[in-house]
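Quick note: the coordinates plus some simple rules give every number you see, no bench work behind them. Remember, it's a predicted structure, so these values are computed and weren't measured experimentally. So basically every Cβ, Gly included, is an ideal-geometry build from the backbone, and we count neighbours across all protein chains shown.
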Amino acid sequence: MKTKSIASLLLTTALTFAVTGVASAQDKTVKIGALSDQSGLYADLGGPGSTLAAQMAVEDSGLAAKGWKIDIISGDHQNKPDIGTAIARQWFDVDKVDIIVDVPNSGVALAVNNVIKEKNGVYINSGAATSDLTNAQCSPNTVHWTYDTYMLAHTTGQALVKAGGDSWFFLTADYAFGAALERDTTAVVTANGGKVIGGVKHPLNTPDFSSFLLQAQSSKAKIIGLANAGGDTTNTIKQAAEFGIGKGGQKLAALLLFLTDVKAIGLETAQGLNFTETFYWDMNDKTRAFSKRFAEKMKNNAPPTMVQAGVYAGVRHYLKALDALGGNPHDGVKVVEKMKSMPTEDDLFGKGEIQPNGRTIHNAYLFEVKKPSESKGPWDFYKLVGTVPGDQAFTPLSESKCALLKK
Amino acid sequence: MQALYAQLLVGLINGSFYALLSLGLAVIFGMLNIINFAHGALYMMGAFVAYFLLNLGGINYWWALLFAPIIVGIFGMILERTMLQWLTGLDHLYGLLLTFGIALIVQGVFQNYFGSSGLPYAIPDQLKGGMNLGFMFLPIYRGWVVIFSLVVCIATWFLIEKTRLGAYLRAATENPTLVRAFGVNVPRMITLTYGLGVGLAALAGVLSAPINQVRPLMGADLIIVVFAVVVIGGMGSIMGSIITGFALGVIEGLTKYFYPEASNTVVFVLMVLVLLVKPTGLTGRAA
């Protein structure tokens, strides 16, 4: 009896080892979920273009030839945290998704961050701005690519204060993103000797900004800081021109502006705006080549925004890590650790690294919108004004409140 | 105090859009008994038609003010002939669902081709610039919007309440059989009325194109507020919807000044209050 049970125990153990051993050697299936705003105010800067970017990353990785089976699904979070988390849960529980990418809208992004940590998935966020993702709310499962509010504040914000813009009035989108961007920019303004003399919080997706602009105008602040994004920013800039705000000596600080926003405002109104991005399609031969391939597959032939470029670069790096691991991609923390241990390098963002808190470090670029007479093509919008090295643009590790750093 | 004047004026500007749109809705509901959920999509089409006229045909803003309502109005009349007319006499819910479906389809098609961030449309040269009123800098274009929409609203009210044609219309909604007995082609009149309501939406679309982005979802964002305006004013009441439109614009403007976080909800709070106190709306007659 006893020997039999020991024998069966041994047998079971051996079988278990055999089964798991086989699984880890051969499990090369991965499912990527591209979660974005597919139809709302952020759909053009992320949305279907981000899904396309993920697909191109998979194709370019060449992992299919090495026996990997990689699927991509996409979802629409409609800018609502509850819908975003519901999709994320379903993806992990039912669809067996391993990694979620993109997720613009900081409110949704932070909510999804918790789900991914709980399910031990991988999170490569490119679309959201809040620096909390790699700061107070950092997670061992999360990598934040492309940009964040700290970076925006320390590039565009700092440049404006140093150029004499020492009094600020904020127009802030009333949710996690706006609050984070206002907070980070305020810190920069005050650290550089300026002061914030007022601000107004507007609801997300506001069609008319005239009331808010009048308040900004009567505040007499030198700089009107726009802590909003997408359609909100384009409407603000357009209507500010209408109310003669530039002519009165006040300057607009578009803290976050995307390629698609400039297109929507039109160069006539947008010319001369200074802002920061980490990717522009017309930087060098490599970005142009990628953007050409990308635009050919897009419905309106648009080149990639920095968010979409970030999705591409993030997925490429993720797949490099999987290739290095050789298989068994389902332990999120392990995969992210591998990603952090490898330097990043791709055609779009160049060389960089992922810090222990999950923040990807790469160059940031100060741009100015071209005059209509300088633009030579339908998407020829930016002039490069300056380059900020990654280690100066993003949160220094010494300032990060991320709990992962205390170990 | 100066800031307050400015906010009142800005509220009036937004109110003109509410008034124009809710007027069209009130005309359609009053005459056809259809809750036209496609109104926002038709407003958006008005703006897009203006954009196409300018960029493809070189036709300027002023002609667009005339042509866009006609073109979109014809589209509306086709909708009425082919779909809405079959719903006469059925519960309101059917019309609401059908027009809601149409709105989703139209918006989806535009979104598919033009994305969501919108296209620029410049203010016509004659209306560029602004004037200093002492308490605020008023862009000339905004002033034009208020005056123009006031004129259109009053003209429409006059047409329906004070002319013989309007009398036929109102009679036809009360008792179509009797009006038909007098030799009036009632179905054609209904189609034209729907065309008129839709044309008003398109006109508002053209007016808003230089202010807002020409975006596929520009109507979807606005339509819910406009419905609240119509409900507060009293369903089907022409004058009620005009006055409520302007008044709510002003109230919303003041909210943006005193408590901006609530500016998106204040209209609905008012709607709830009005429905609780006077369910037929401020100027509505009991059914």
Checklist entry - Which is the longest run of chain B containing none of the trypsin sites (Lys or Arg not before Pro) found in DSSP loop states (not H, G, I, E, B) with at most 16 other C-beta atoms within 10 Å? => result B:129-284
Item to check | Entries in A:Lys31/A:Lys370; A:Lys263/A:Lys286; A:Lys222/A:Lys340; A:Lys299/B:Lys256; A:Lys201/A:Lys238 that, when Cα-Cα distance is taken, lie over 30 Å | outcome: A:Lys31/A:Lys370; A:Lys222/A:Lys340; A:Lys299/B:Lys256
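Run the numbers on chain A and let me know its relative contact order in percent, using alpha-carbon pairs under 8 Å that are six or more apart.
Details: 823 pairs, mean separation 75.8, N = 407.
RCO, chain A: 19 percent.
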Checklist entry - List the aspartates and glutamates whose alpha-carbon lies under 13 Å from that of A:Lys401, not counting same-chain residues fewer than 8 positions away? => result A:Asp132
Checklist outcome for this item: Taking the dipole of the protein assembly as shown about the Cα centre (Lys, Arg +1; Asp, Glu -1; charges at Cβ), the one of B:Ile160, A:Leu171, A:Ser106 that reaches farthest to the positive side is B:Ile160
Checklist entry - Taking only C-alpha pairs under 8 Å that are 6+ residues apart, what is the relative contact order of the stretch A:297-363 in percent? => result 21
Checklist outcome for this item: Length-normalised contact order of the stretch A:152-248, Cα under 8 Å, at least 6 apart, in percent, tallies to 35
Checklist outcome for this item: Rounded to a whole number, the mean other protein chain Cβ count within 10 angstrom for residues of B:255-264 is 5
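Label the protein assembly as shown by shape, choosing from rounded, prolate and oblate, from the square roots a ≥ b ≥ c of the eigenvalues of the Cα gyration tensor; if a/c is under 1.5 it is rounded, and otherwise prolate applies when a/b is larger than b/c, oblate when it is not. List each step's numbers first, then the result.
Values: a/c = 2.20, a/b = 1.56, b/c = 1.41.
Judged from the Cα gyration tensor, the protein assembly as shown comes out prolate (a/c at least 1.5, a/b above b/c).
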Next on the checklist: I'd like the isolated cysteines in the protein assembly as shown, meaning no second cysteine's beta-carbon lies under 4.7 angstrom from theirs.
Outcome noted: B:Cys153
Next on the checklist: Could you work out [θ]222 nm for chain A from helices alone, using -39500 (n - 2.57) per DSSP H run of at least four and dividing by all its residues? Round to the nearest 500 deg cm²/dmol.
Outcome noted: -13000 deg cm²/dmol
Checklist entry - Which one of A:Trp68, A:Trp168, A:Trp145 has the biggest mean-square fluctuation once chain A is modelled by GNM with Cα springs under 10 Å? => result A:Trp68
Checklist outcome for this item: Projecting the Cα atoms of B:Val179, B:Ile123, B:Phe148 onto the charge dipole of the stretch B:104-193, where Lys and Arg contribute +1 and Asp and Glu -1 at Cβ, the residue farthest towards the positive end is B:Val179
Checklist entry - Dividing the alpha-carbon Rg of the stretch B:1-102 by 2.2 N^0.38 Å yields what? => result 1.32
Checklist entry - Considering chain B as a Gaussian network with a 10 Å cut-off on Cα pairs, which listed residue, B:Glu161, B:Glu261, B:Glu252, attains the greatest mean-square fluctuation? => result B:Glu261
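Quick check: from the Cα gyration tensor, does the stretch A:275-406 come out rounded (a/c under 1.5), prolate or oblate?
Numbers: a/c = 2.96, a/b = 1.51, b/c = 1.95.
Oblate, because a/c is 1.5 or more while a/b does not exceed b/c.
If you take every DSSP beta bridge fully contained in the protein assembly as shown, what fraction is antiparallel? Give it as a percent rounded to 5. Display every interim value, and only then the final one.
Working: 19 of 55 bridges.
The answer is about 35 percent antiparallel.
Rounded to the nearest 20 debye, what is the charge dipole size of the protein assembly as shown about its Cα centre when +1 sits on each Lys and Arg Cβ and -1 on each Asp and Glu Cβ? Please list the in-between numbers first.
Values: 53 positive and 48 negative charges, 57 e Å.
Dipole magnitude for the protein assembly as shown comes out near 280 debye.
Report, in debye and to the nearest 20, how large the dipole of chain B comes out about its Cα centre when Lys and Arg carry +1 and Asp and Glu carry -1 on their Cβ.
Details: 12 positive and 8 negative charges, 89 e Å.
Charge dipole, chain B, about its Cα centre: 420 debye, nearest 20.
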